[in-house]
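Enquirer: Can you keep this structure in mind? I'll have questions shortly.
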């Protein structure tokens with residue numbers, strides 16, 4: 001789904017029951033670019049996907065179908081390589097955004113602590129992942145037990161859930177923020193704000209570049225799709 005094309009169907013429907021609910025176009029199953037059937041495990045997710053297809057006008061615009069694009073990526077790019085995706089999330093945990101703090105100025109140090117300390121405390125108490133922090137850019141080695149705890153949390157996630165976690169992790173730079181959102185500790189808006197403490201401080205000092213603003217808006221759309229995917233999988 002990379003280019004705009006003419007709409008080729010009239011009716012969109014949903015068929016089947018969990019754990020395999022198909023999205024149909026004129027009675028035929030939708031398929032991913034790799035020809036896998038679009039058949040998510042929950043009816044809520046299938047209906048949300050169907051709504052994106054139904055909302056298309058005379059032409060199908062993939063940019064207006066963020067959830068479908070993400071599910072396609074999960075089925076074609078994450079399925080059968082789940083271990084590799086879990087390892088990538090583990091790498092983010094080992095250098096998590098929340099663990100690297102500014103040395104100055106004082107206001108930025110305060111903002112980071114205010115946004116990030118409660119999340120790290122939650123990870124320690126709820127996940128048994130006690131990560132350590134560092135000032136500046138010097139790498140810090142995280143305790144093996146903390147990383148193992150995070151690896152244990154993502155070990156049982158299927159391809160769709162992994163895709164959602166991975167997108168949020170890469171967009172925020174934090175595996176901890178992704179887990180906090182997936183577990184209901186923080187909303188999508190809250191983790192997005194936490195991930196952009198440094199950037200927002202810089203904007204406050206120097207203003208915002210139009211191109212950077214547009215890029216951030218595109219990334220927020222991806223973030224919302226990943227958040228929605230995790231919610232609809234429950």
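Only the coordinates and a few stated rules stand behind these numbers; no lab work does. Every value quoted in this text rests on a predicted model; they were computed, and no experiment measured them. Note that each Cβ is placed from the backbone with ideal geometry, even for glycine, and that neighbours are counted across all protein chains shown.
Enquirer: So for 197, 71, 153, fewest C-beta neighbours within 10 Å to most, what's the order?
Expert: 197, 153, 71
Enquirer: Give me the angle, in degrees from 0 to 90, between the Cα long axis of helix 159-172 and the longest principal axis of the Cα atoms of the chain, rounded to the nearest 10.
Expert: 40 degrees
Enquirer: Could you please rank 179, 233, placing first whichever residue has the fewest other Cβ atoms within 10 Å of its Cβ?
Expert: Final ranking by Cβ density, sparse to dense: 233, 179.
Enquirer: Test of understanding: ordering 138, 23 by Cβ neighbours within 10 Å, fewest first, what list do you get?
Expert: 138, 23
Enquirer: Springs between alpha-carbon atoms under 10 Å, Gaussian network over the chain: tell me which of 40, 118, 105 tops the mean-square fluctuations.
Expert: Result: 105 has the largest fluctuation of those listed.
Enquirer: Would you indicate which of [x] 145; [y] 127; [z] 116 is the value of volume of the Cα convex hull per residue in Å³ derived from the coordinates of this structure?
Expert: Step by step, volume of the Cα convex hull per residue in Å³ for this structure corresponds to label [y].
Enquirer: In whole Å, what is the distance between the alpha-carbon centres of the stretch 144-184 and the stretch 1-68?
Expert: When both Cα centres are located, 27 Å separates them.
Enquirer: With contacts defined as alpha carbon pairs under 8 Å and 6 or more residues apart, what's the relative contact order of the stretch 1-132 in percent?
Expert: Relative contact order, the stretch 1-132: 18 percent.
Enquirer: Over the chain, what is the relative contact order in percent, taking alpha-carbon pairs closer than 8 angstrom and at least six residues apart?
Expert: The normalised contact order for the chain reaches 20 percent.
Enquirer: Could you work out how far helix 106-126 tilts from the main Cα principal axis of the chain, as a 0 to 90 degree angle to the nearest 10?
Expert: Result, in degrees: 70.
Enquirer: Kindly express, to the nearest 10 degrees and within the range 0 to 90, the angle between helix 210-233's C-alpha long axis and the longest C-alpha principal axis of the chain.
Expert: Value to nearest ten degrees: 70.
Enquirer: Which parts of the stretch 57-79 would a label at residue 8 reach, counting a residue when its backbone N lies under 12 Å from a point 7 Å out along Cα-to-Cβ?
Expert: Only 60 pass the distance filter.
Enquirer: To continue, here is another question. Which value at 222 nm does the chain reach when only helices count, each DSSP H run of 4 or more adding -39,500 (n - 2.57), with the total divided by all residues and rounded to the nearest 500 deg cm²/dmol?
Expert: Only helices count here, giving -17500 deg cm²/dmol.
Enquirer: Pick from 181, 165, 144: which is most flexible by mean-square fluctuation in a GNM of the chain where alpha carbon atoms under 10 Å apart are linked?
Expert: Largest GNM mean-square fluctuation: 144.
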